[in-house]
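S.K.: Below: one structure in structure tokens.
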Amino acid sequence: MKILNLHGFMGEADNKNYKALCGIVPSEDIISPQIKYKETSPPELLEKLSAMVDSDDYIFVGQSLGGWYADKMSCKFKRPCILTNPCYYPHELELITSSGISSEFVEQYRKMSVSTQNERAYTLCSDKDIMYNPCEGARLPQNRTTERPLITEEQFASLLKAADTQTMKTAISILGEGLRIGELLALQWKDCIEDMLDLF
């Protein structure tokens, strides 16, 4: 088994993943290149990484932006990958977009960042390595609670007077049993005593 370890955007080849892997497998079975993300387009970089894969027993490990590439490599070679704090949408991460990277590269990341699920991917996340608040900019739902007017006795009497038999039974069931409309619609004949409105 060989491992291709891919560091994050501003990371180093001997990152935390590499050091941890060296404690598990012999270092000669780990390829951990220093990647120039800012100077290399995503398609070109994927091509270079693919050229490093010389057997069918690789496992891909990636951290942050390296996780994006490890995921792509996993799908291409149909091999497992381990992603630590992966960056699934590099084009949305300010650390990357404001780094001076080519806008063409950012657009390529956008086009290539599909939201398909990789069944061979194992993802690990840690708060300590997240460099931004993923909820920043999220809008919380507004409180939509509004007071609903209750039907008056006069209104209910008018409803019963104007209603046909079936509508009248329905209205009495709602009011008398305190049923919500969904509960009422779910009722079946077996829930009722024949010729009565009492419920089991």
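S.K.: Considering GLU119, GLU92, GLU104, which residue is at pLDDT 95 or above, of a type in the set (D, E, K, R), assigned by TED's automatic domain parsing to the domain that holds GLU47 and surrounded by fewer than 16 Cβ atoms within 10 Å (Cβ to Cβ)?
M.R.: Details: GLU119 fails: at pLDDT 95 or above; GLU92 fails: at pLDDT 95 or above.
Result of the check over GLU119, GLU92, GLU104: GLU104.
S.K.: Look at GLY8 and say whether it is in the same structural domain as GLU107 (by TED's automatic domain parsing), under 17 Å from ILE101 (Cβ atoms) and either touching a Gly at 6+ places or on another chain (Cβ under 8 Å) or at pLDDT below 95 (or both).
M.R.: Working: in the same structural domain as GLU107 (by TED's automatic domain parsing): yes; under 17 Å from ILE101 (Cβ atoms): yes; either touching a Gly at 6+ places or on another chain (Cβ under 8 Å) or at pLDDT below 95 (or both): yes.
Yes, satisfied.
S.K.: So for region 56-68 (the condition being in a loop (DSSP other than H, G, I, E, B), without any contact (Cβ under 8 Å) to a residue 60 or more places away in the chain and either touching a helix residue (DSSP H, G or I) at 6+ places or on another chain (Cβ under 7 Å) or farther than 19 Å from LEU124 by Cα (or both)), does at least one residue qualify? Lay out the reasoning, then the answer.
M.R.: Keep residues of region 56-68 that are in a loop (DSSP other than H, G, I, E, B), which gives 56-57, 64.
Within this subset, residues satisfying the condition of being without any contact (Cβ under 8 Å) to a residue 60 or more places away in the chain are 56-57.
Checking the rest, the ones that are also either touching a helix residue (DSSP H, G or I) at 6+ places or on another chain (Cβ under 7 Å) or farther than 19 Å from LEU124 by Cα (or both) come to 56-57.
Looking through region 56-68, at least one residue is in a loop (DSSP other than H, G, I, E, B), without any contact (Cβ under 8 Å) to a residue 60 or more places away in the chain and either touching a helix residue (DSSP H, G or I) at 6+ places or on another chain (Cβ under 7 Å) or farther than 19 Å from LEU124 by Cα (or both).
S.K.: Among the residues of region 25-53, how many are part of a loop (DSSP other than H, G, I, E, B) and either in contact (Cβ under 8 Å) with a residue 12 or more places away in the chain or β-branched (Val, Ile, Thr) (or both)? Write out each step before concluding.
M.R.: So in region 25-53, the residues part of a loop (DSSP other than H, G, I, E, B) come out as 25-26, 32-41, 53.
Going one step further and asking which of them are either in contact (Cβ under 8 Å) with a residue 12 or more places away in the chain or β-branched (Val, Ile, Thr) (or both), we end up with 25, 32-35, 37-38, 40-41, 53.
Counting residues in region 25-53 that are part of a loop (DSSP other than H, G, I, E, B) and either in contact (Cβ under 8 Å) with a residue 12 or more places away in the chain or β-branched (Val, Ile, Thr) (or both) gives 10.
S.K.: Under the condition of being polar (S, T, N, Q) and modelled with pLDDT under 95, which residue from region 16-69 is surrounded by the fewest Cβ atoms within 10 Å (Cβ to Cβ)? Give the derivation first.
M.R.: From region 16-69, those polar (S, T, N, Q) are 17, 27, 32, 34, 40-41, 50, 55, 63-64; that's our starting set.
Checking the rest, the ones that are also modelled with pLDDT under 95 come to 17, 27, 55, 63-64.
Working: ASN17: 25, SER27: 11, SER55: 8, GLN63: 25, SER64: 25.
Checked region 16-69; the qualifying residue surrounded by the fewest Cβ atoms within 10 Å (Cβ to Cβ) is SER55.
S.K.: So LEU4 ticks every box in (1) assigned to a loop (DSSP other than H, G, I, E, B); (2) surrounded by 15 or more Cβ atoms within 10 Å (Cβ to Cβ); (3) touching a residue at least 60 places away in the same chain (Cβ under 8 Å); (4) of a type outside the set (S, T, N, Q) but one. Which box is left unticked?
M.R.: So LEU4 meets the others, but not (1).
S.K.: Restrict the check to region 30-49 and report whether at least one residue is assigned by TED's automatic domain parsing to the domain that holds MET10 and in contact with a Pro (Cβ under 6 Å, 6 or more places away or on another chain). Can you show your working first?
M.R.: Of the residues in region 30-49, the ones assigned by TED's automatic domain parsing to the domain that holds MET10 are 30-49.
Imposing the further condition that a residue be in contact with a Pro (Cβ under 6 Å, 6 or more places away or on another chain) reduces the set to none.
For region 30-49, residues assigned by TED's automatic domain parsing to the domain that holds MET10 and in contact with a Pro (Cβ under 6 Å, 6 or more places away or on another chain): absent.
S.K.: All but one of (1) farther than 18 Å from VAL114 by Cα; (2) free of Cβ contacts under 8 Å to residues at least 40 places away in the same chain; (3) in contact with a strand residue (DSSP E or B) (Cβ under 9 Å, 6 or more places away or on another chain); (4) assigned to a loop (DSSP other than H, G, I, E, B) hold for PRO86, so report the exception by its number.
M.R.: Failed condition: (1).
The values are calculated or read from the model by the stated rules, or taken from the named source; none is laboratory data. Every value quoted in this text rests on a predicted model; they were computed, and no experiment measured them. Cβ sites come from the backbone with ideal geometry, for glycine too, and all protein chains shown count toward neighbours.
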